1. Which condition from (1) within 24 Å of the chain's Cα centre (by Cα); (2) modelled with pLDDT of 95 or more is the one that A:Lys470 breaks?
2. Can you tell which of A:Glu245, A:Glu264, A:Glu227, A:Glu260 is modelled with pLDDT under 95 and among the acidic types (Asp, Glu)?
3. Give A:Ala19, A:Ala44 a once-over and let me know the one that is on the phi < 0 side of the Ramachandran plot, open to solvent by less than 10 Å² (accessible area, probe 1.4 Å) and among the small types (Gly, Ala, Ser).
4. Within the range A:27-40, is even one residue more than 11 Å from the ligand (Cβ to nearest atom) and among the aliphatic types (A, V, I, L, M)?
5. Restricting the search to the range A:252-269, which residues are open to solvent by 30 Å² or more (accessible area, probe 1.4 Å) and either within 14 Å of chain B (Cβ to nearest Cβ) or not charged (D, E, K, R) (or both)?
6. Can you tell me which condition B:Tyr178 does not meet? The list is (1) surrounded by fewer than 22 Cβ atoms within 10 Å (Cβ to Cβ); (2) more than 18 Å from the chain's Cα centre (by Cα); (3) not basic (Lys, Arg), and all the others hold.
7. Of all residues in the range B:216-240, which are on the phi > 0 side of the Ramachandran plot and open to solvent by 50 Å² or more (accessible area, probe 1.4 Å)?
8. Would you list the helices (runs of 4 or more DSSP H) that sit entirely within the range A:485-547 and hold 1 or more residues that are within 14 Å of chain B (Cβ to nearest Cβ), out of contact with any Gly (no Cβ under 7 Å at 6 or more places or on another chain) and of a type in the set (A, V, I, L, M, F, W, C)?
Amino acid sequence: MIYHQVLVVGGGLAGLRAAIETGDKLDVAVISRVNPVRSHSVAAQGGINGALANAENGRDDTPERHAFDTVKGSDYLADQDAVEIMTHDAPIRIIEMEHWGCPFSRTPEGKIAQRPFGGAGYPRTCYAADKTGHALLHTMYEQAIRRGVQVYEEWQVQRLVLENGKTRGVIAMNLITGQLEAFQAEAVLLATGGAGRVFARSTNSLIVTGAGQAMAYKAGIPLKDMEFIQFHPTALYGPSILISEAARGEGGYLKNNRGERFMEKYAPKAMELSPRDIVARSIQTEINEGRGFGDPGAGGYVHLDLTHLGKEKIMERLPAIRDIAMSFAGVDPIEKPIPIQPGMHYTMGGIDCNADGETVAEGFYAAGEVACVSVHGANRLGGNSLLETIVFGQRSGAAMLRYVMGLDKTRQGTIALEAALREEKERVEELLQRDGAENPGRLHEELRNTMFYKIGVFRQEEEMREGLEKVRELKDRVKKIHIAHKGRRYNLDLARNLELEGMVEMAEVIALGAITRKESRGSHYRLDHRERDDANWLKHTLAYRTDDGPRLDYKPVTITRYQPEARRY
Amino acid sequence: MADLDVKVFRFDPDTDDKPRYDTYQVTYREGMTILDVLFYILENLDGSLAFRYACREAICGNCAMYVNGLQRLACKTQVKDLKTTELFIEPLPSLPVIKDLVVDLDSFFGKYVSIKPYLIPAESPPEKEYYQSQSDRHVLNEAVDCILCGACYSSCPAVWTDEDYLGPAALIKAFRFYADSRDGAQKERLDLVAHEHGLWRCHTVFNCVEVCPKGIDNTSAIQYLKKQAVGRALGMGVGKRAAT
Ligand SMILES: Cc1cc2nc3c(=O)[nH]c(=O)nc-3n(C[C@H](O)[C@H](O)[C@H](O)COP(=O)(O)OP(=O)(O)OC[C@H]3O[C@@H](n4cnc5c(N)ncnc54)[C@H](O)[C@@H]3O)c2cc1C
């Protein structure tokens with residue numbers, strides 16, 4: 001049995017930041033199913049928010065204003081105490097990344113450059129061209145190397161082991177050899193990212209599968225606000241690769257098939273830079289009402305027009321966007337508009353935890369997109385999730401340090417871990433032996449389509465019920481999947497499909513939460529309940545696992561100084 | 001486009017004595033990438049195929065492989081750009097095979113770590129950010145784009161013949177920090193790379209430049225470091241940063 005005082009599952013920004021925080025004082029190891037620089041964080045484009053007040057027209061910006069924008073953007077579902085912590089820590093953590101070498105773009109005076117982003121009152125989004133996630137993740141990885149943080153690369157964690165409400169460790173599979181191993185630890189942090197690939201048309205990396213949420217849920221930890229799924233307005237038509245909000249931040253226009261800047265009708269003040277939920281619905285409405293382009297059967301699209309920005313600005317500020325449009329759509333945005341449509345983008349909900357990453361189980365922590373603190377509420381503002389990873393990565397690392405230093409009994413739970421390892425080995429064996437008729441690839445696809453088309457941008461009772469029924473059908477069919485390859489070494493077929501059951505359970509939680517919440521709030525927009533209903537629904541959803549599916553419960557939202565009001569842009 | 005005839009390198013050291021090539025017929029669809037082809041095979045034809053992937057948008061660097069005779073990212077390579085229906089997909093040459101298209105990158109990352117790939121500032125940091133002029137930042141533009149995919153390393157003849165050669169990626173990383181106005185370890189950085197298994201091993205073959213999926217001009221950066229090293233040997237001091 002492998003032992004570390006602290007185990008961090010996930011080598012993205014949140015996980016590495018936590019490991020760096022604890023690494024000097026404790027024996028910490030990171031487990032990740034890919035080399036850390038392959039983590040989804042690397043794909044973030046537009047930037048990271050912090051009230052540095054560096055921009056010419058942003059000198060009055062403050063953490064309080066950042067907090068207000070975040071709370072308003074969240075449609076008042078965010079916990080305001082947590083938001084305040086995040087926006088106050090933001091400048092400290094961003095400057096720290098700069099000191100560690102992050103190659104931020106610069107203002108003429110040489111400070112970190114900041115650009116406007118949706119839902120923000122000031123240019124507050126610090127950026128490294130349109131490759132901010134890459135710049136941050138590589139810098140974080142470099143600091144982990146500098147400190148000698150140990151990483152178990154290409155290990156897939158399968159199970160979280162708790163015993164009487166206390167954390168004992170995890171069970172993981174070495175992807176290269178196929179061997180299962182028990183890892184014992186005093187504290188475990190899940191920093192495994194979002195659940196994007198439960199949906200079709202996702203902008204997320206292919207490895208963003210909700211594994212962490214599913215693992216925690218299975219271990220009895222409640223998931224919070226899972227029905228809130230962000231649909232990004234501008235995913236590239238076809239492969240759904242993200243075209244960053246930075247494209248609009250730098251002045252890009254959205255146009256329909258009549259050449260109209262249609263945002264005028266929906267948000268005359270903020271226009272293209274309204275929050276994402278609003279822009280995504282506006283685009284979808286244009287497409288649905290016949291003012292889009294292309295085949296509506298394939299979803300249709302509208303134009304994101306950058307041509308008026310000119311070659312120089314595009315090359316300097318949006319080089320990666322240009323690369324993506326040219327490589328994946330054959331369009332050079334200097335000359336032609338980019339075809340875009342809304343795509344699934346971000347998982348606002350996640351493991352229920354507080355601003356120190358603490359959950360209901362002792363020694364079990366969560367940070368980053370897998371967590372729900374909640375700072376994003378019903379709709380995340382662009383640039384706030386990279387921020388969340390480094391702020392709450394650091395805080396949960398510090399909290400684990402305090403926790404482990406205070407323990408008097410250590411290395412507990414050996415028997416529970418051994419039992420869990422045996423069970424997990426049996427589960428793998430059973431899956432390999434199973435002579436089922438279902439093709440797992442097809443089940444993945446049915447699941448993704450069901451979620452996107454039944455519990456998507458616009459929601460209504462009947463469709464969502466159909467969706468939930470389909471998900472429950474899939475839950476049965478998953479038990480009959482067939483794994484074609486029986487070998488152990490780098491068995492992708494096995495590794496991917498061990499996750500399928502958990503993905504279906506996440507879909508069920510999302511669907512049930514959405515059906516039950518009879519209001520519209522942020523990203524959760526119901527055609528049959530179009531208004532926000534604070535009297536009944538200003539509360540967080542909690543989903544607990546039972547053998548018959550999720551049991552829902554609710555808990556209040558923390559409000560400090562910003563009273564809920566109507567959201568207008 | 002007609003159906004694709006895809007030959008894939010296969011090797012599982014647990015069960016196979018030697019590698020072989022399997023052939024698959026894959027139905028082409030508009031916009032198909034090499035990564036799409038591999039997933040089609042995995043999900044429909046052969047569950048035993050192993051390959052790496054993650055972001056599918058050419059930024060994570062996990063899917064570098066050898067496709068029709070060149071190191072490429074599977075996700076960024078459009079089938080139609082290869083202008084043939086016959087595809088040859090192999091692991092990155094010159095690296096040990098773990099299974100099929102998955103290679104062992106330990107030597108690659110080991111060399112990357114050896115050049116101290118992190119900022120080493122000269123003095124303790126200011127309260128706010130370090131100031132860096134736009135032109136100083138501009139110098140780093142290409143070098144910071146490296147995604148550590150290993151394509152350049154696999155393409156370099158100097159790597160093939162000298163197993164201790166640091167290779168283009170580690171050297172571009174050395175340049176990236178050497179040229180950063182915030183870094184204070186220029187002398188140490190040159191010492192780490194100015195030796196026979198470092199800068200001097202590069203014979204400007206330019207393979208690395210040709211295959212880099214991010215369009216980084218590795219060779220020029222290496223040449224720049226060579227000049228700096230020569231300059232120092234001639235007693236001209238180090239640390240002057242001019243745009244390359
Ligand atoms: C295309 C795109 C662009 C974005 N741009 C921005 C932006 O500009 N600004 C912004 O603020 N946000 C942006 N976001 C959101 C932001 O990038 C993510 O929310 C954030 O990076 C998540 O970081 P993380 O550390 O929580 O998780 P990730 O970076 O996803 O890392 C998860 C880690 O967990 C590991 N892992 C997962 N499951 C397992 C398992 N079972 N076993 C072992 N390891 C596992 C993975 O290997 C990985 O290392 C963007 C998102 C997308 C999709």
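1. Condition not satisfied by A:Lys470: (1).
2. Exactly one of A:Glu245, A:Glu264, A:Glu227, A:Glu260 is modelled with pLDDT under 95 and among the acidic types (Asp, Glu), namely A:Glu245.
3. Sole residue among the options that is on the phi < 0 side of the Ramachandran plot, open to solvent by less than 10 Å² (accessible area, probe 1.4 Å) and among the small types (Gly, Ala, Ser): A:Ala19.
4. yes
5. Matches in the range A:252-269: A:Tyr253, A:Asn257, A:Gly259, A:Tyr266, A:Pro268.
6. Of the numbered conditions (1) surrounded by fewer than 22 Cβ atoms within 10 Å (Cβ to Cβ); (2) more than 18 Å from the chain's Cα centre (by Cα); (3) not basic (Lys, Arg), the odd one out for B:Tyr178 is (1).
7. B:Gly235 - this is the single residue of the range B:216-240 that is on the phi > 0 side of the Ramachandran plot and open to solvent by 50 Å² or more (accessible area, probe 1.4 Å).
8. A:492-497, A:500-516
The values are calculated or read from the model by the stated rules, or taken from the named source; none is laboratory data. It should be emphasised that the depicted structure is a prediction, and the values quoted were computed from it without experimental measurement. When we count neighbours, we look across all protein chains shown, and the Cβ atoms used for this are built from the backbone with ideal geometry, even at glycine. To get the accessible areas, we keep the full protein, side chains included, count just its heavy atoms, and leave off ligands, DNA and RNA. Shrake-Rupley method; radii C 1.70, N 1.55, O 1.52, S 1.80 Å.
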